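Visitor: Provided herewith is a single structure, encoded as C-alpha cells, for subsequent inquiry.
The values are calculated or read from the model by the stated rules, or taken from the named source; none is laboratory data. Bear in mind that the values here come from a model prediction, so they are computed numbers and not experimental data. Cβ placement follows ideal geometry from the backbone for every residue including glycine, while neighbour counts extend to all protein chains displayed. Quick note on the areas: whole protein, heavy atoms, side chains included, nothing else; ligands and nucleic acids left out. Shrake-Rupley method; radii C 1.70, N 1.55, O 1.52, S 1.80 Å.
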Amino acid sequence: MSISSRTVPPTVTAVSCAVAVAVALTPRPATAATALPSSPITVTAAISTTATSAVLSSAATQDLRTVPVAALAYSGKLLSLGSRGRAVAQVQSQLGITADGVFGPRTEDAVLDFQFEAGLVTDAIVGPLTWGALFGTSTPRNPITTSDSIGAAAIVIARQQLGKPYVYGGDGPDVFDCSGLIQYVFAQLGVSVPRTTYEQFDALAPVSRANARPGDVVFFLNDQGQAYHDGLYAGNGEMIVSRKPGTVVQYQKIWTDDYRVGRV
C-alpha cells in the first residue's frame, strides 16, 4: 500500500523532533532490553515471527529442497531470530545453509549478508522485500492486507529497534529520529509513508483518540497546527518513539491529551 501525501504549504518547515520534546518528560529507562508493556500486543499467526512450535524433522527438511522456487510466494510472515518452521527452512535452503527450520545466529548472519549484497536494509528480518529478492518473485506493495494486521506487524518491527540511538535525520537501520523511525517501520512491511513528521501527519488517515489501536501513529502539534513530533502507538497509553539527542528508541508514556492519531 502506498500512501501519497498531499502538497505541504511552502511556509511549512521541518521542525526537529528534539525541539518540543525537551519538556518535563519522565519516560521509562531506555535499553534494548526495555520491558514490554504490562499488556503486550498479541501478534496474530498471520504476522507472527514464529511459524510453528516444532523443529522440522530431517526428512521434512530434505523434502523442502525439492520445492520449486517459483511456488514460494510470500506468506505474510515476518521471519527473524527465533522463528521456526517451513518458511524458515525455505529461506535457509535458498541461502545455501543447513535447512533445519530454525532461525538461529547462522541464519541471521546469512540473511544479513544477503541483504547487504542485494542492496536492502540490513536488519536480519525476512519480510516481503527480502523474500522477493531471495526467490525472485514480485512482491505486492502491501502483502499484509488489513489495517489491524499492518499495525500489529509495525509493533513487531518497532520493538526490534528498541535501544538504537536518536540521531537527527536518522532513518535507520541503526539510528533514527522520530519520523525516520515511523517511515522505516512501515517500509519493512512494504508500506510507503512520507519522510517528515508534518508530511506524515498530512498523509495518514485521521483517527479519534478513542479509536486508536497499536500501530497507529501519534502526532504532537505546535500552536500553528504543524506536527513536530510523532511516535508509534503501542497501547496502554504508551508509544514507541525516538525522542531526542541523547536518548534511544524506547517506550514512553503519552504525556498529554493534546495529540492526534493517524493510520496507514
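Visitor: Work out the charge dipole of the range 79-207 with +1 on the Cβ of Lys and Arg and -1 on the Cβ of Asp and Glu about the Cα centre, then indicate which of Leu120, Gly104, Thr196 is farthest towards its positive end.
Guide: Gly104
Visitor: Roughly speaking, what is the stretch gain from Asn236 to Gln224, that is 0.36 nm per residue apart minus the C-alpha to C-alpha distance, in nm to one decimal?
Guide: Full extension of this stretch gives 1.5 nm more.
Visitor: Report the residues of the range 213-234 in range of a label on Tyr168: point 7 Å along Cα→C-beta, backbone N strictly under 16 Å from it.
Guide: Answer for this model: 228-230.
Visitor: Determine the share of the range 74-120's accessible area contributed by carbon and sulfur atoms, expressed in whole percent, with a 1.4 angstrom probe.
Guide: Carbon and sulfur: 49 percent of the exposed surface of the range 74-120.
Visitor: Arrange the residues Trp131, Trp255 by how much accessible surface each exposes, largest first, with a 1.4 angstrom probe. Please report the intermediate quantities before stating the final value.
Guide: Working: Trp131 10, Trp255 90 Å².
Sorted by accessible area, descending: Trp255, Trp131.
Visitor: Turning to a different aspect of this structure: Can you tell me which of 208-218, 184-194 comes out highest on packing, and rank the rest after it, using the mean Cβ neighbours within 10 Å? Don't jump to the answer; show the numbers that get you there.
Guide: Numbers: 208-218: 18.2, 184-194: 22.0.
Descending mean neighbour count gives 184-194, 208-218.
Visitor: Still on this model: Which FRET efficiency value, to the nearest 0.05, is calculated for Thr98 and Ala73 with the Förster distance at 25 angstrom and r the Cβ-Cβ distance?
Guide: 0.60
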